[in-house]
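Peer 1: Once you've had a glance at the structure underneath, I'll fire off some questions.
The values are calculated or read from the model by the stated rules, or taken from the named source; none is laboratory data. If you're wondering where the values come from, they're calculated on a predicted model, not measured in any experiment. Don't worry about glycine lacking a Cβ; one is built from the backbone with ideal geometry, like all the others, and counts go over all protein chains shown. Heavy atoms of the whole protein, side chains included, go into the accessibility calculation; ligands, DNA and RNA do not. Shrake-Rupley method; radii C 1.70, N 1.55, O 1.52, S 1.80 Å.
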Amino acid sequence: MHIRRAMIAKIGLTLPFAVLMSSCGINTRTSDSEIAALTAKAERACLCERRGGAKGKPACWASFEKAIAGKKASESDTARDPIWTTGRSWSEGDDNKWVTTYYHAAVSKPPEVILCTPGEAKTFEDAMMAGSLDDPETIRRADKIARDLVAGRSVAATSGKPLCS
């Protein structure tokens, strides 16, 4: 568990005592920069898994799993169309933390399309929202964009974050 030296010095704890506290389940708060670092690790792991397939999954996710191990995080999903997410969540007192591990594109036919970055998710979401969700042509175009993203083909990307993040 990462413990800031300045915090330890401020409250007058020695490093061995602080490590003991951490190992006994007394958590320090997860900073925004740590969430950003975990998110970056998850994005890299997802992209690695995409390239390497199921056989490469354990190696791809090893760094992320090691980094999040002390959080006692559980895997959960959000429910929102046209994108939903899988991620890891945990509580720190009254504060809930979340790191997205996958973005799922609601495509019209299998196989399911897994997107790895907020940019990919936003690009797919924008394609779905460009027309009616009841329009087969809108869905066909969005499906193609999602599959092109996964295949590494060039698509006109949009900026920003998807609504699901």
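Peer 1: Taking the conditions exactly as written (at pLDDT 95 or above and under 25 Å from residue 156 (Cβ atoms)), does residue 47 satisfy them or not?
Peer 2: Yes, satisfied.
Peer 1: Another one. With respect to residue 107, is the statement that it is hydrophobic (A, V, I, L, M, F, W, C), in contact (Cβ under 8 Å) with a residue 12 or more places away in the chain and touching a Gly at 6+ places or on another chain (Cβ under 7 Å) true?
Peer 2: No, not satisfied.
Peer 1: Now for a different question. Output the number of residues of region 143-165 satisfying the condition of being small (Gly, Ala, Ser), in a helix (DSSP H, G or I) and either farther than 11 Å from residue 122 by Cα or modelled with pLDDT under 90 (or both).
Peer 2: Going through region 143-165 one residue at a time, the tally reaches 1.
Peer 1: Okay, moving on. What do you reckon, is residue 80 touching a residue at least 12 places away in the same chain (Cβ under 8 Å), touching a Leu at 6+ places or on another chain (Cβ under 9 Å), open to solvent by 20 Å² or more (accessible area, probe 1.4 Å) and closer than 25 Å to residue 142 by Cα?
Peer 2: Yes; evaluated as a whole, the condition is true for this residue.
Peer 1: Among residues belonging to region 83-132 that are of a type in the set (Val, Ile, Thr) and outside any strand (DSSP E or B), point out the one that is surrounded by the most Cβ atoms within 10 Å (Cβ to Cβ).
Peer 2: Among residues in region 83-132 that are of a type in the set (Val, Ile, Thr) and outside any strand (DSSP E or B), the one surrounded by the most Cβ atoms within 10 Å (Cβ to Cβ) is 123.
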